[in-house]
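Trainee: Starting off with a structure, shown below.
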Amino acid sequence: MARIAGVELPSNKRIEIALTYIYGIGISTSHKILQKSKMSPDRRVKDLTDEEIDALRGVIESDYKIEGALRQEVQENIKRLININCVRGLRHKRGLPVRGQRTRTNARTRKGPRKEQIALRKRTVAKK
């Protein structure tokens, strides 16, 4: 099992798919990395030699920002938006959708579970 950037790559997957398990690497970035390291995207992770894994690790570490550094940069960008009080920062602060989606219906992922309506609860208590 290959370990790159602190992530265990699944053994039975093709290397082009296995690289996408690393935060910050998608399928197109995976293709670019494999071209730079002169490796076939059809090879399985379990078939790679130590030299090939080292070559992949070298390309990734030298050219791409991944995992912890990338997560930290994203969090810093969000904090910057909040600090300058721009619209996107305020939406982040309030836990609402940031990119213009509607909030009257939908948006449950950002807003969280529905709040219990107080008026309905008072009516059910009063009836008893």
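Trainee: List pairs: first residue in segment 27-44 and over 18 Å from Y64 (Cα atoms), second residue polar (S, T, N, Q) and surrounded by 11 or more Cβ atoms within 10 Å (Cβ to Cβ) anywhere in the structure, Cβ distance under 8 angstrom, at least six positions apart or on different chains.
Mentor: P41/S30; R44/S11
Trainee: Let me ask something additional. Considering segment 50-67 alone, what residues qualify as being touching a residue at least 60 places away in the same chain (Cβ under 8 Å) and of a type outside the set (D, E)?
Mentor: I66
Trainee: Hey, could you check segment 1-20 for residues that are touching a Leu at 6+ places or on another chain (Cβ under 9 Å) and loosely packed, with under 15 Cβ neighbours inside 10 Å and say which is modelled with the highest pLDDT?
Mentor: Among residues in segment 1-20 that are touching a Leu at 6+ places or on another chain (Cβ under 9 Å) and loosely packed, with under 15 Cβ neighbours inside 10 Å, the one modelled with the highest pLDDT is R3.
The values are calculated or read from the model by the stated rules, or taken from the named source; none is laboratory data. Computed from a prediction, not measured in an experiment: that's the story for all the values here. Cβ: placed from backbone, ideal geometry, glycine included. Neighbour counts: every protein chain shown.
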